[in-house]
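Enquirer: One structure, pasted below without further comment.
We did not get these values from a lab; they are worked out from the coordinates using the rules stated. Just so it is clear, the structure is predicted and the values come from calculations on it, not from any experiment. Every residue, glycine as well, gets a Cβ built from its backbone with ideal geometry; the counts of neighbours run over all protein chains shown.
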Amino acid sequence: MRIPASPAALLHLLQLASPSLPIGGYSYSQGLEAAMEKGLVRDEASAREWLVATLQEVVVRFDAPLLWRLLQAWSICDSDAIDHWTAVALAGRDTAEFRAETVQMGYSLARLTTDLGIADARRQAILSALPEVPLHCALACAAVALGIPNEAALLGMLFSWAENQVLVCVKSVPLGQVAGQRLLLSLHPALGAAALTATTLEDDNLGNWTPGLSLLSIQHETQYSRLYRS
């Protein structure tokens, strides 16, 4: 995947994908904490197995292609397409925690986009008219408004997801810092492959049917001891 980008666009991408972006990503584990509680993730090997499975069964088949479609829609300010894929993103969150996560982070990023004056008037009007803004939608709007190439924005989202998941493992398995970086580095080929798949997946093939993960998310809502909100 060739990603032509100006220095300015690259800097914008690094800022948008940074864990210091104030949208609360660090407070969610996306079911990973519940998997640890059940003993499914307990060391570096099982952590990698979990992350690869989640990437291939959820992110590649749903989140990444959704972002790709929203990037294209925001590029041409297609409000009908934005509305459609926003609705799909919200409908795809089948537990209270997963839905609250994407809505809270999307709201925070949309608010940040407004506060920083990133989007032009037309995009800002479309964004403001949405009743709820999932993270996919807000991220796509910000990336397009900042002039980040779609392919680069997609890879940035994938890396940001992987980095946050690895940080959860480092803090909670726990893994050492070196083990965490080794784990993140080992995911690079899978993230690149995921980006390619996301750009070619047909609409009818999108899906995130993972009942095991959904059950873990539901159980996490009443988990006795937890650090994360999902």
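Enquirer: Would you mind telling me which residue in Ala125, Ala64, Ala162 has the biggest mean-square fluctuation in a Gaussian network model of the chain, where springs connect alpha carbons within a distance under 10 angstrom?
Expert: Ala125
Enquirer: Next up: What's the FRET efficiency of His188 with Arg42 using the Cβ-Cβ distance as r and R₀ = 22 Å, to the nearest 0.05?
Expert: Given R0 = 22 Å and the Cβ-Cβ separation, E is 0.40.
Enquirer: If the label point is 7 Å along Cα→Cβ of Leu215, which residues in region 18-44 have backbone nitrogen under 18 Å from it?
Expert: Residues 31-41 fall inside that zone.
Enquirer: Need the C-alpha centroid separation for region 123-170 versus region 176-210, integer Å.
Expert: If you average the Cα positions of each part, the centres end up 15 Å apart.
Enquirer: Here's another thing I want to ask about it. Can you give the calculated 222 nm mean residue ellipticity of the chain, where each DSSP H run of n ≥ 4 adds -39,500 (n - 2.57) and the sum is split over every residue, rounded to the nearest 500 deg cm²/dmol?
Expert: -20000 deg cm²/dmol
Enquirer: In a Gaussian network model over the chain where Cα atoms closer than 10 Å are linked, find which of Ile76, Ile118, Ile23 has the largest mean-square fluctuation.
Expert: Among Ile76, Ile118, Ile23, the largest GNM mean-square fluctuation belongs to Ile76.
Enquirer: Which value, in debye to the nearest 20, describes the size of the charge dipole of the chain about its Cα centre when Lys and Arg Cβ atoms bear +1, Asp and Glu Cβ atoms bear -1, and nothing else is charged?
Expert: My answer is approximately 500 debye.
Enquirer: Given just the C-alpha atoms of the chain, how large is their convex hull per residue in cubic angstrom?
Expert: Hull volume normalised by residue count: 116 Å³.
Enquirer: Same structure again: Which residue, chosen from Thr86, Gly106, Ala198, occupies the Cα position most advanced towards the positive end of the dipole of the chain, where the dipole is computed from +1 (Lys, Arg) and -1 (Asp, Glu) charges on Cβ about the Cα centre?
Expert: Gly106
Enquirer: Now for a different question. Mind checking which of Gln72, Gln30, Gln219 has the largest fluctuation in a GNM of the chain, springs on alpha carbons under 10 Å?
Expert: Maximum fluctuation in the GNM of the chain, among the listed residues, is at Gln219.
Enquirer: Using Cα pairs under 8 angstrom and six or more residues apart, how large is the relative contact order of region 39-203, in percent?
Expert: 33
Enquirer: Which whole-Hz ³J(HN,Hα) couplings does region 22-36 yield from phi under the Karplus relation 6.51 cos²θ - 1.76 cosθ + 1.60, θ = phi - 60°, glycine and proline marked x?
Expert: Along region 22-36, the couplings run x, 10, x, x, 5, 8, 10, 10, 6, x, 5, 5, 5, 5, 5 Hz.
Enquirer: Hey, another quick one. Given points 7 Å out from each Cα along the Cα-Cβ axis, report the Glu57 to Asp203 separation in nanometres with one decimal.
Expert: 2.8
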